[in-house]
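One structure below.
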Amino acid sequence: MSKNIYEMVTERIIENLENGVIPWRMPFHQGMAVNWNTGKPYRGINAILLESGEYATFKQIKDAGGKVKKGEKSQMVAFWKMLEIKDGESEKDKTIPLMRFYNVFEINKQVEGLESKREIISEQHDPIEECEKIIEDYILKPEVKYKSGRAFYSPSMDYVSVPPLKDYKSAEEYYGVLFHEILHSTGHVSRLRREGVQIGNVSFGSETYSKEELIAEIGSAMLCTITKIDHVTIDNSASYIDGWLRKLKSDKKFIIQASANAQKAVDYIQGTTL
């Protein structure tokens, strides 16, 4: 029996985690992975599957006059295809989403004969300023309070609490934590209404709690990539990785659903869904 796309994606993530690599924490100094043809960033699960770079399919590369280097392995990109089927009861057509995938190659490392279309990052780029702008542009955002100790988001009071910048080893670590808690706030009942943020409805260690934590973790990594800073977080322990591995092995849709929700939350913070 052939593997479905959920199993293929999940196995890729599991392989990384078992090798001690947390894919959503990889350093993307050159920004997000993009489609070489269009320049548009990959989204959702694809932002995790692909390292920073410019990607194109074998056909796109060939049509553009390029050539894939001998021995290079392709990378997988998942996408949704809408299918029309007959509804058995009403006999009317209905549209359902079906996940599919195609293979791509990074044109700067794996391809000959093509040139990068990506602009070189300006030396005047200020990642800290970009981080502050992300927070500033978050419309109707919760209040951010600063107090030494643990970081958290309070759904009942709708505010974020994080230790001040001086308590961290680096600014990157501070913004990674702040972005994580800000991501939680998007699930508030007044915003995206995620189950994992509903008051009194989520127990520590539950499936819902774990998924919400992964949403915030991936979303934080996405924001770090957008602002071109390393996604530095405090917890890199083996127990942390083991926890995700158990969830991924028991639920093949876990990572794809979490990354889709993380993307939706990032869009909300940036105002692209308003």
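Could you please find all residues in the stretch 161-180 being under 18 Å from Ala216 (Cα atoms) and aromatic (Phe, Trp, Tyr)? Full working, then the answer.
Initial filter on the stretch 161-180 (under 18 Å from Ala216 (Cα atoms)): 161-163, 172-180.
The answer is Tyr174, Tyr175, Phe179.
Residue by residue, here is whether (1) within 19 Å of Glu217 (Cβ to Cβ); (2) at pLDDT 95 or above holds:
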position: Glu112; (1), (2): no, yes
position: Glu115; (1), (2): no, no
position: Pro127; (1), (2): no, no
position: Glu130; (1), (2): no, no
position: Glu143; (1), (2): no, yes
position: Phe152; (1), (2): yes, no
position: Tyr159; (1), (2): no, yes
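When residues of the stretch 124-145 are filtered for being part of a loop (DSSP other than H, G, I, E, B) and either within 17 Å of Thr186 (Cβ to Cβ) or polar (S, T, N, Q) (or both), how many remain?
The first filter runs over the stretch 124-145 and keeps only residues part of a loop (DSSP other than H, G, I, E, B), leaving 124-126, 137-142.
Filter once more, keeping what is either within 17 Å of Thr186 (Cβ to Cβ) or polar (S, T, N, Q) (or both): 124, 137-142.
Adding up the residues that qualify gives 7.
Do we find a residue being at pLDDT below 75 and exposed (fewer than 15 other Cβ atoms within 10 Å of the Cβ) anywhere in the stretch 62-79? I'd like the intermediate steps shown before the answer.
Filtering the stretch 62-79 down to residues at pLDDT below 75 leaves none.
No, because not a single residue in the stretch 62-79 is at pLDDT below 75 and exposed (fewer than 15 other Cβ atoms within 10 Å of the Cβ).
Restricting to the stretch 251-274, give me the number of residues that are basic (Lys, Arg), assigned to a helix (DSSP H, G or I) and modelled with pLDDT under 90. Spell out the reasoning first.
Within the stretch 251-274, the first condition is being basic (Lys, Arg), and the residues that meet it are 252-253, 264.
This time we only want the ones that are assigned to a helix (DSSP H, G or I), so: 264.
Narrowing the set further to residues that are modelled with pLDDT under 90 leaves none.
Result for the stretch 251-274: 0.
The values are calculated or read from the model by the stated rules, or taken from the named source; none is laboratory data. None of the values given here were measured: they were computed from a predicted structure. Every residue, glycine among them, receives a Cβ derived from its backbone with ideal geometry; neighbour counts consider all protein chains shown.
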